[in-house]
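A.B. asks: Let me begin by handing over the structure; questions about it come next.
The values are calculated or read from the model by the stated rules, or taken from the named source; none is laboratory data. Because the structure is predicted, anything quoted here is derived from the model rather than measured. Here Cβ is always computed from backbone atoms with ideal geometry, including for glycine, and neighbour counts include all displayed protein chains. We work out accessible area using only protein heavy atoms, side chains counted, and drop any ligands, DNA or RNA first. Shrake-Rupley method; radii C 1.70, N 1.55, O 1.52, S 1.80 Å.
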Amino acid sequence: MNKTVLAAIIVVIAMLGFTYIAVGGAGGMGGEGDWVNKLAVLGAVVLVIVTAFVVTKYVRQMQFDKASGKLADENWDGIGEYKNELPFGWAIIFLGLVIWAIWYFLAGYPVSSYSQIGEYNEAVAEHDAKFEAQYANMDDATLKEMGGSVFIVQCAPCHGLQADGIDGKAANLNHRLEEKSIKHVIQNGSNNQLLGIEMPMPDRNGLMNANTGALISDAEMDAVAKYVAGGMKGTVGADVFAGTCAACHAADGKGTDMVAPSIAEFNPTLIANVLKHGKKGAIGQMPAFNNLTDVQVKALGAYVTGLSK
């Protein structure tokens, strides 16, 4: 017997033995009705045998066969290629693979069949529906208590347990805006993702102070930033706010629907939009949180709104 054929037989026996030990030892042969695993094992056996057969065939061809046949008309630097017919065995295997794939997806294991991921998603959806129904009509105290629990899990890692931003690493939620955040928006503008609409706020090159008829200056920017960050109290910066910001954010800074958000205080709508769209500011980028239910978003909005009050 040819040494190549003998080596192939030994490899096949060894691979089949290894497959049996590995799959059988792991309980992969399946029970009475577990034909999917049995089919997978059968596929592995066929794959080993076919691979060994094909490799042996071509190794023997390289050892003993000589080139023959009709050369193609084209050649490259004197190197041509033979006109070879499509291998019959390859064509049969290819056709069989196509038929098997159609059977597998339509009958053997269709897309609509059971899956652990599908079962998990259904269970989560069912739990969320029960959760929403159970807490649909909470009083304010219960709503804020739930919001505090959600805050500890989802928000505290960045904003801190006291919501103070952990030494400037995230926004301080105990008051609406800090001076550096206000200056950042004036300098760079905002795409107003907080609103979920395409109405961007221009940068300082598009902010006109109606009182002076000129673009906002550095001194005016500093003054209005201190004014807003200080809770819109006092007179310094109030005239700049009235002439530059009030047209969109309203005279009291509480914003205008579908135009500009409140910069005077947090409110549930503002919190919900930040959670939905994320926020890019002076410190960095806050991602969107789409893993929360409507009730959790409402509760978190009530909790954060209450922090600054």
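A.B. asks: For the full complex of protein chains and a 1.4 angstrom probe, list W90, W103 by accessible area with the highest value first. Spell out each step's value before the answer.
C.D. replies: Details: W90 140, W103 105 Å².
Sorted descending by solvent-accessible area, the residues read W90, W103.
A.B. asks: Let me ask you something else. For region 143-307, what is the convex hull (Cα atoms) projected area averaged across all directions, in square nanometres?
C.D. replies: On the way: hull surface 36.6 nm².
About 9.1 nm², averaged over all directions.
A.B. asks: Also, quick follow-up: Return one number: the angle in degrees, 0 to 90 and rounded to the nearest 10, between the long axis of the Cα atoms of helix 140-150 and the longest principal axis of the Cα atoms of the chain.
C.D. replies: Tilt relative to the chain: about 50 degrees.
A.B. asks: Could you work out how much longer the chain between A91 and H175 gets when fully extended? Use 0.36 nm per residue separation minus the Cα distance between them, nm to one decimal.
C.D. replies: Working: separation 84, 0.36 × 84 = 30.24 nm, distance 7.25 nm.
That pair, A91 and H175, stretches by 23.0 nm at full extension.
A.B. asks: Skip the ligands, DNA and RNA, and give the accessible area per residue of region 136-206 with a 1.4 Å probe, whole Å².
C.D. replies: Working: 4140 Å² over 71 residues.
On a per-residue basis, 58 Å².
A.B. asks: Positive end of the dipole of the chain, charges at C-beta (+1 Lys, Arg; -1 Asp, Glu), about the Cα centre: which of T51, H277, A163 has its Cα farthest in that direction?
C.D. replies: T51
A.B. asks: Whole Å is fine, so just give me how far the alpha carbon centre of region 262-309 lies from that of region 61-119.
C.D. replies: Region 262-309 and region 61-119 have Cα centres separated by 56 Å.
A.B. asks: Between N188 and T19, what is the spin-label point distance in nm, taking each point 7 Å from the Cα along the Cα→C-beta axis?
C.D. replies: Modelled inter-label distance: 5.8 nm.
A.B. asks: Between T269 and A210, what is the label-point separation in nm under the 7 Å Cα-to-beta-carbon projection?
C.D. replies: Result: 2.1 nm between the two label points.
A.B. asks: Now for a different question. Accessible area per residue of region 35-93 at 1.4 Å probe, in Å²? All intermediate terms of the calculation are to be shown ahead of the outcome.
C.D. replies: Numbers: 5160 Å² over 59 residues.
Result: 88 Å² per residue.
A.B. asks: If you work out Rg and Dmax of the Cα atoms in Å from the coordinates, which of [x] 24.7, 91; [y] 19.7, 71; [z] 35.0, 103 do you get?
C.D. replies: Label [z] holds the value from this structure.
A.B. asks: For the chain, which whole-number percentage of the solvent-accessible area (1.4 Å probe, protein heavy atoms only) is attributable to carbon and sulfur atoms? Don't skip to the answer; put the middle values down first.
C.D. replies: Numbers: 12710 of 20610 Å².
The value for the chain is 62 percent carbon and sulfur by accessible area.
A.B. asks: Label 7 Å along Cα→Cβ of D252; region 259-280 residues with amide nitrogen under 12 Å?
C.D. replies: The answer is 264-265, whose backbone nitrogens lie closer than 12 Å to the label point.
A.B. asks: Can you give me the angle between helix 294-307 and the longest principal axis of the chain, using Cα atoms only, in degrees from 0 to 90, rounded to the nearest 10?
C.D. replies: Its long axis makes an angle of about 40 degrees.
A.B. asks: I would also like to ask the following. Hey, can you grab everything whose amide H is under 5 Å from the amide H of K279? Only 5+ residues off in sequence or another chain; H modelled, so Pro and N-termini drop out.
C.D. replies: Result for K279 returns M286.
A.B. asks: Please work out how much accessible surface F53 shows to a 1.4 Å probe, ignoring ligands, DNA and RNA, in Å² rounded to 10.
C.D. replies: 130
A.B. asks: Something else now. Taking amide H positions as placed in the peptide plane 1.01 Å from N, state which residues far from M201 in sequence (5 or more) or on other chains have amide H under 5 Å from it.
C.D. replies: S190, N191, N192
A.B. asks: Heavy atoms only, probe 1.4 angstrom, no DNA, RNA or ligands counted: give me H184, H159 ranked by accessible area, highest first. Don't skip to the answer; put the middle values down first.
C.D. replies: Numbers: H184 55, H159 25 Å².
Ranked from most to least accessible, the order is H184, H159.
A.B. asks: Local charge sum around E81 (other residues, Cβ-Cβ under 14 Å, Lys/Arg +1, Asp/Glu -1)? Write out the running numbers ahead of the final one.
C.D. replies: Values: positive: K70, K83; negative: D73, E74, D77, E85.
Net charge around E81: -2.
A.B. asks: So, one more: Charges on Cβ only, +1 for Lys and Arg, -1 for Asp and Glu, centred on the Cα centroid of the chain; of A247, F64, S149, which one is farthest towards the dipole's positive end?
C.D. replies: Farthest along the dipole direction, towards plus: F64.
A.B. asks: Turning to a different aspect of this structure: How big is the accessible area of K130 in square angstrom, nearest 10, if you roll a 1.4 angstrom probe over the protein chains?
C.D. replies: Surface accessible to solvent at K130 totals approximately 130 Å².
A.B. asks: Once you keep just the Cα pairs under 8 angstrom separated by 6 or more residues, what percentage relative contact order results for the chain?
C.D. replies: Values: 322 pairs, mean separation 45.6, N = 309.
That works out to 15 percent.
A.B. asks: For helix 35-64, report the angle its Cα long axis makes with the longest principal axis of the Cα atoms of the chain; keep it between 0 and 90° and round to the nearest 10°.
C.D. replies: For helix 35-64, the angle is close to 60 degrees.
A.B. asks: Before rounding to the nearest 500, sum -39500 (n - 2.57) across all DSSP H runs of length at least 4 in the chain and divide by the residue total; then give [θ] at 222 nm in deg cm²/dmol. Display every interim value, and only then the final one.
C.D. replies: Details: 12 runs with 160 residues, N = 309.
Result for the chain: -16500 deg cm²/dmol, rounded to the nearest 500.
A.B. asks: Just how much of L97 is accessible, in Å², when a 1.4 Å probe is used and the result is rounded to the nearest 10?
C.D. replies: Answer for L97: close to 100 Å² accessible.
A.B. asks: To continue, here is another question. Please turn the phi angles of region 263-275 into ³J(HN,Hα) values with the Karplus equation 6.51 cos²θ - 1.76 cosθ + 1.60 (θ = phi - 60°), one per residue in order, whole Hz, x for glycine and proline.
C.D. replies: Residue by residue, region 263-275 yields 10, 8, 7, 6, 8, x, 5, 4, 4, 4, 5, 5, 5 Hz.
A.B. asks: While we're here: Tell me the net charge near A242. Cut-off is 14 Å between Cβ atoms, A242 excluded, with +1 for each Lys or Arg and -1 for each Asp or Glu.
C.D. replies: On the way: positive: none; negative: E220, D239, D252.
With Lys, Arg at +1 and Asp, Glu at -1, the neighbours total -3.
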